[in-house]
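Below is one structure, written out as structure tokens, with a few remarks after it.
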Amino acid sequence: MLSGGQRQRIGIARALYHEREILVLDEATSALDNETERRVSEAIRALAGKKTVIIIAHRLTTVEHCNQIYLLEQGKVIRSGSYVEVVKA
């Protein structure tokens, strides 16, 4: 039996293996421990300029290094911008 974190790592590896132009990660690191999340995030950042990556997350730290962040509330964009802009508002 695989843990939630192990299943997430396998899912991310499968997504990267297919080498798509656009990668959508929906809560892809939510079940990972902090160290594994950091390593996965570094690998995702290494894709900058090579792929379009859309990350859906509840934790703002997960999207800290994203170029553009959209904060949604009840299905509507209530704030957008860089991490600093979204956090400071």
Candidate set: the range 2-32, residues that are within 18 Å of Leu47 (Cβ to Cβ) and polar (S, T, N, Q); chosen: the one nearest to the chain's Cα centre (by Cα): Thr29
Cβ pairs under 6 Å, 6+ apart, first in the range 1-22 and at negative phi, second hydroxyl-bearing (Ser, Thr, Tyr): Ile22/Thr52
Sole residue being surrounded by 10 or more Cβ atoms within 10 Å (Cβ to Cβ), at pLDDT below 90 and not in a helix (DSSP H, G or I), chosen from Leu47, Leu2, Leu71, Leu16: Leu47
In the range 19-44, the residues that are of a type outside the set (Gly, Ala, Ser), surrounded by 12 or more Cβ atoms within 10 Å (Cβ to Cβ) and in a loop (DSSP other than H, G, I, E, B): Glu27, Thr29, Leu32
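The values are calculated or read from the model by the stated rules, or taken from the named source; none is laboratory data. All figures in this text were calculated on a predicted structure; none of them were measured in a lab. All Cβ positions, glycine included, derive from the backbone under ideal geometry; neighbour counts span all protein chains shown.
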